[in-house]
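The values are calculated or read from the model by the stated rules, or taken from the named source; none is laboratory data. Not measured: the values here are computed from a predicted model. Don't worry about glycine lacking a Cβ; one is built from the backbone with ideal geometry, like all the others, and counts go over all protein chains shown. Just the protein is used for accessible areas: all its heavy atoms, side chains included, with ligands, DNA and RNA removed. Shrake-Rupley method; radii C 1.70, N 1.55, O 1.52, S 1.80 Å.
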Amino acid sequence: MNSATLLRSFSKRLISMMRVYHGEFSLSTPRRFGTMPFVEEKLSMRMSQLFSKTLREAPAGADNKGYEYLLRAGFIRQLGAGIFSLLPLGYSSVKNIEQIIREEMDAIGGQEILMPVVNPADIWKETGRFYSIDREMSRFQDRVGRDMVLAMTHEEVVTDIARFEIDSYKRMPQLVYQIQTKWRDDPRPRAGLIRVREFTMKDSYSFDTDQAGLDKQYAAHYLAYFKIFGRTGLSTIVVGADSGMMGGKISHEYMYLSPIGEDTIITCDACSYTANRQVAAFRKEYFAEEMKELEKVHTPECPTIEALAEYLKISTKLTAKAVFMVGTFIDDTNGEEEQRLVVGVIRGDLEIEENKLQNAAKANALRSAHSEEILAAGIVPGYGSVIGIRQDKILVIADDSVAKSNNLVAGANEEGYHYLNSNFARDWNGTVADIASAQSGYACSECGGTLKSSKGVEVGNIFQLGTRYSESMDCYYQDENGIQKPVIMGSYGIGVGRLLACLAEEYHDELGLNLPITVAPYQVHLVSLVKDAEIAEKIYRTLIDAGITVLYDDRKESAGVKFADADLIGLPIRITLGNRSLKEGKVEVKVRSNPDEQLSFDLATLVDKMRVLIKRLENQITDSMHLEEWKPEK
RNA sequence: CGGGGCGUAGCCUAGUGGCUAUGGCGCCUGCUUUGGGAGCAGGAUAUCGAAGGUUCGAGUCCUUUCGCCCCGACCA
């Protein structure tokens, strides 16, 4: 496997260069190896020999077009929920993507490695993630009963390696990366390749002696990711993100904006502010005024904020609502679990962002509380607040909207009653944090502009891990003064299959796929409609020898079938061999992305024309590439 | 994990307790055809997801179970 990976990394560019300069690389006569038909060129293929077939109808369950076409064109096949095989066409595209990734990772000093998918659980116990990650991580025992896990990421393994390899400041900075399978037992795989359980990820890990070094590596990735996505033809935006289970502080996600995405992205229409809704901030108004006396009032049939505001004829902005959750708190060192009621209090006109609440509560997991659990704390659902409630067993998180506003209406923990003029600090207490969910139309926290929300797919992320892993796993180095210090780490991921899925979603029309030339499995689809196979074979040969990758439709099929399959697979350039034009020494050429463009090339100059066309299509991708840089905040 | 839906040939699908399980695509054979999923003739392929039950009789009803999909919870 290793050698195959290595072989692959001798890019096709290199091979084609060799072919151009050394005539002996071209094979003029077909050969046979054993009983298998000889495939004359790995980077080209005959349709008659292609392993996969195309499907006329979409298999049930293909609910988005990109996924449907990947299935119908024979790029991928599903094995189980969230588990897919890559067939030759799909794998070829994936290899093209991986090659781009390798080139850009190498360019920022990355060294490729390969780490095991099966890990002894010990290292995961060291960081505590063996305990803090729920069933998303699959575990098993080996034959002698040792705990093992299937790696869902590789911080533990890479830190284990680094604590051996890196012992001195002289051995840093370092950057390693791998392109490796990950297994995450997602409770709900969906949307084809977008959200799967087994997937290929490029993950890289940086090691530095100080924050400045980490910033440098982070900035390098920040830009390299734009180059990677740009070269595949996928336009992404970068958003501020939550570091979630990774630990660490600064992180960004690369988002492909699309309605099929599951992440909600908040962007400002006036400035460059973008963030995942999980962490997005916005400008709140506060209603500070002189505190008035707490007063209990009868509010029959007002279990909701809307009903309450209606009944009291006040704005929801003058109410405080409490949201009851149950948090799971796991001790990282031994896995002991504790459940506590978490009460999020927010002004009635705002919504709670659960991710923010979970972070503020420092909980490992959060779920809605059942009414019995709420009642057990002495709180009456529908008329609940934490006023007059013992707070030793519950965790109260107050959004700053309630903490900085006065005289709000809050529940009195009695059916049909509320308090007027409740005030934070005077009547109740809690940890103050921003736990409000940013919504479309709210004011930008940076510039006051209007926020907008859109859907996106996360195709990459970058994290500043800091010393979260080096400290817990004892990955220390000696500095210039002989002092032991924890290595400062970063981790950076790209979902390879998800990237292909996004490209399929972005690049298709009603006939099929239309992947960018940098990613398409082959550059040219050679469709032969002539009886005389000899001339077609010769052209196929010529193209291969020129280093152009070709899918050659040599099947005994009707023209309609061949065209339909060519459209479905959607290679960037289609060369059609027809009797009429061939008689004049010409072939017809169509560009998949531009159906109106009908070209006719002389056979004699075909190769040159192809090279120009390929170059043009490649340039189209790189010319529209959008790059951004990142600088650490002062 | 909660709610819903679906499992019938490689794919899509008909079937509403009653005879030998429907049709299309695909597949195989022969002939014909070769510029947009062609035509004619013939053919193969289904333990109706699995197990149990009700019934004279079950693809169809009931129970259990497995799998897949959708919504939600969940999600680096």
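Its residue count N sets the reference 2.2 N^0.38 Å, and the alpha-carbon radius of gyration of region A:396-473 equals 1.68 times that reference.
Among the protein heavy atoms of chain A, carbon and sulfur supply 51% of the accessible surface, probe 1.4 Å, non-protein parts ignored.
Looking at region A:295-433, the DSSP beta bridges with both ends there are about 70 percent antiparallel. Of all beta bridges that DSSP places with both ends in chain A, some 80 percent have antiparallel geometry.
Compute the semi-axes of the equivalent ellipsoid of chain A, taking the square root of 5 times each eigenvalue of the Cα gyration tensor, and list them largest first in whole Å.
Values: eigenvalues 607, 176, 98 Å².
Computed over chain A, the values are 55, 30, 22 Å.
Listed as lacking a disulfide-compatible partner in chain A: A:C302, A:C475, A:C502, by the criterion of no other cysteine Cβ under 4.7 Å.
Extending 7 Å from the Cα toward the beta-carbon at both A:D106 and A:S600 defines two label points whose distance is 4.4 nm.
Once you have the alpha carbon radius of gyration of region A:295-433, what is it after dividing by 2.2 N^0.38 Å, with N set to its residue count?
Numbers: Rg = 14.7 Å, N = 139, 2.2 N^0.38 = 14.3 Å.
The value comes to 1.03.
Ordering A:M45, A:A504, A:Q278 by the projection of their Cα atoms onto the charge dipole of chain A, which places +1 on the Cβ of Lys and Arg and -1 on the Cβ of Asp and Glu, puts A:M45 at the extreme positive end. Normalised per residue, the accessible area of chain A is 47 Å², obtained with a 1.4 Å probe and no contribution from ligands, DNA or RNA. Accessible surface for A:H221 stands near 0 Å², nearest 10, in the context of the full protein assembly shown (1.4 Å probe). Between the residues A:H525, A:N334, A:V94, the greatest Cα displacement towards the positive end of the dipole of chain A, with unit charges on the Cβ of Lys, Arg, Asp and Glu, is found for A:H525. Estimated from helices alone, the mean residue ellipticity of chain A at 222 nm is -8500 deg cm²/dmol (sum of -39500 (n - 2.57) over DSSP H runs with n ≥ 4, per residue). For A:R188, the accessible area of its heavy atoms, probed at 1.4 Å with every protein chain present, is near 120 square angstrom.
Viscosity 0.890 mPa s, temperature 25 °C: give me the Stokes-Einstein translational D for region A:243-376 in µm²/s, with Rh taken as the Kirkwood radius over C-alpha pairs. If you can, show how the numbers build up before the last one.
Values: Rh = 18.3 Å.
Calculated translational D: 134 µm²/s.
As a calculated quantity, the FRET efficiency between A:M291 and A:E337 at R0 = 30 Å, using C-beta atoms, amounts to about 0.15.
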